[in-house]
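> The structure under discussion is supplied below as structure tokens; questions concerning it will follow.
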Amino acid sequence: MGTVVFIGAGPGAADLITVRGAQRLAAAEVVLYDALTDPALQDLAPNATWHHVGKRGFRPDSTDQTEINDLLVRYAREHGNVVRLKGGDPSIFGRLEEELEALAKAGIPCEVVPGVTSALAAAAAAQRPLTRRGVGRSLSLTTAMTRTGDMVSSRTADTEVFYMAGKQLAALSARLIEAGWPAGTPVSVVSRAGWPDSLQSEHTVGTLDDASQVHTDRPAVVVVGAGAAALDHSPVVTEAAHVPPTR
Ligand code: SAH
């Protein structure tokens, strides 16, 4: 009976994985990985068997979650060290609970190694801290996508970061206004945070839909509120290519 180690690969470039994650990966015999992780990570476990089980949102062609759960159990039984590599952090919108439960039910021991989640990579790329002394005291991470297709939004924290909103920015804008955010509230959108070709653009809640053209077909997070505001003296950003507002 083997073990399964869930590892957060971070949001992009392979060097954003933690040292612990890289060490566990190097010891893997089998790696199950998602669509969003950097192929260069394979160099960290060149002798392991790599299985792509890519999932993107609720796309019908993506690997079924039950199938992934079953594969994890099977590989853990057949091999010693199995790694489940997930983009960002496994505990954030990674369906980790389902995989942990499937393994617990099968009596297979697990470990979780955290990773850098996209919201944090976006804050770093844009050099816009998510908390701000006095005005940004709370942070929420929200998925804009639900199984039923309903767009959910809220105003529960000073800074709110929306994942999986890419194709629904007009709807998100409308929901944010309904939730009580003033139309002029700053919004920062960062796509491919943590990659060399990261892009950042700025908007307001009312003009958020403009970001659709800038970040087409790129994984993006939408930062709303205190943590989206530009600093008084804008930093010289070298990591994220900056795109000025389109309006
Ligand atoms: N576990 C992941 C999130 C998986 S959900 C994490 O912790 O980051 C997938 C969503 O994450 C995408 O729809 C997008 O909103 C966001 N995302 C993933 N990679 C990203 C990146 N490099 N830059 C910006 N957003 C990203």
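> What residue, among those in the stretch 166-198 that are in contact (Cβ under 8 Å) with a residue 60 or more places away in the chain and aliphatic (A, V, I, L, M), is nearest to the ligand (Cβ to nearest atom)?
Checked the stretch 166-198; the qualifying residue nearest to the ligand (Cβ to nearest atom) is Ala193.
> Of the numbered conditions (1) within 11 Å of the ligand (Cβ to nearest atom); (2) modelled with pLDDT of 95 or more, Thr142 satisfies every one except a single condition; which is it?
(2)
> If I filter the stretch 153-165 down to residues being in a loop (DSSP other than H, G, I, E, B) and either over 21 Å from Thr216 (Cα atoms) or in contact with a helix residue (DSSP H, G or I) (Cβ under 7 Å, 6 or more places away or on another chain) (or both), which single residue comes out as nearest to the ligand (Cβ to nearest atom)?
Of everything passing the filter in the stretch 153-165, Ala165 is nearest to the ligand (Cβ to nearest atom).
> Could you please tell me which pairs satisfy a Cβ distance under 7 Å, a separation of 6+ or placement on different chains, a first residue in the stretch 207-222 that is of a type in the set (Gly, Ala, Ser), and a second residue that is assigned to a loop (DSSP other than H, G, I, E, B)?
If the second residue must be assigned to a loop (DSSP other than H, G, I, E, B), no pairs are left.
> On to the next question. Answer with yes or no whether Ser173 is within 19 Å of Gln127 (Cβ to Cβ), outside any loop (DSSP other than H, G, I, E, B) and either of a type in the set (Gly, Ala, Ser) or assigned by TED's automatic domain parsing to the domain that holds Ala13 (or both).
Taking the combined requirement at face value, the residue does not satisfy it.
> Select from the stretch 199-209 the residues that are away from the ligand (no atom under 16 Å from the Cβ) and closer than 20 Å to Met145 by Cβ and write down the one among them that is surrounded by the fewest Cβ atoms within 10 Å (Cβ to Cβ).
Ranking the candidates gives Asp209 first.
> Has the stretch 198-212 got at least one residue that is modelled with pLDDT of 95 or more, touching a Phe, Trp or Tyr at 6+ places or on another chain (Cβ under 9 Å) and acidic (Asp, Glu)?
So far as the stretch 198-212 goes, no, none of its residues is modelled with pLDDT of 95 or more, touching a Phe, Trp or Tyr at 6+ places or on another chain (Cβ under 9 Å) and acidic (Asp, Glu).
> Which residue is nearest to Gly8 (Cα to Cα), if the candidates are limited to the stretch 210-227 and must be within 16 Å of the ligand (Cβ to nearest atom) and not aliphatic (A, V, I, L, M)?
Across the stretch 210-227, the extreme among qualifying residues is Pro219.
> Restricting the stretch 121-138 to residues that are at negative phi and more than 14 Å from the ligand (Cβ to nearest atom), which is surrounded by the fewest Cβ atoms within 10 Å (Cβ to Cβ)?
Once the filter is applied, the top-ranked residue is Arg133.
> I'm told Val82 meets every condition in (1) within 21 Å of Ser201 (Cβ to Cβ); (2) more than 13 Å from the ligand (Cβ to nearest atom) except one. Can you identify the failing condition by its number?
That leaves (1) as the condition not met.
> For Ala106, indicate whether it is more than 15 Å from the ligand (Cβ to nearest atom) and surrounded by fewer than 22 Cβ atoms within 10 Å (Cβ to Cβ).
yes
> Anything in the stretch 87-117 that is in a helix (DSSP H, G or I) and either of a type in the set (A, V, I, L, M, F, W, C) or outside the structural domain of Gly54 (by TED's automatic domain parsing) (or both)? List them, or say none.
Across the stretch 87-117, the qualifying residues are Leu96, Leu100, Ala102, Leu103, Ala104.
> Okay, next question. Return the residues of the stretch 14-23 that are in contact (Cβ under 8 Å) with a residue 12 or more places away in the chain and either surrounded by fewer than 16 Cβ atoms within 10 Å (Cβ to Cβ) or among the charged types (D, E, K, R) (or both); say none if nothing qualifies.
Arg20
The values are calculated or read from the model by the stated rules, or taken from the named source; none is laboratory data. Note that the coordinates shown come from a computational prediction; the quantities given were computed from them, not determined experimentally. Glycine gets a Cβ as well: all are built from the backbone with ideal geometry, and neighbour counts include every protein chain shown.
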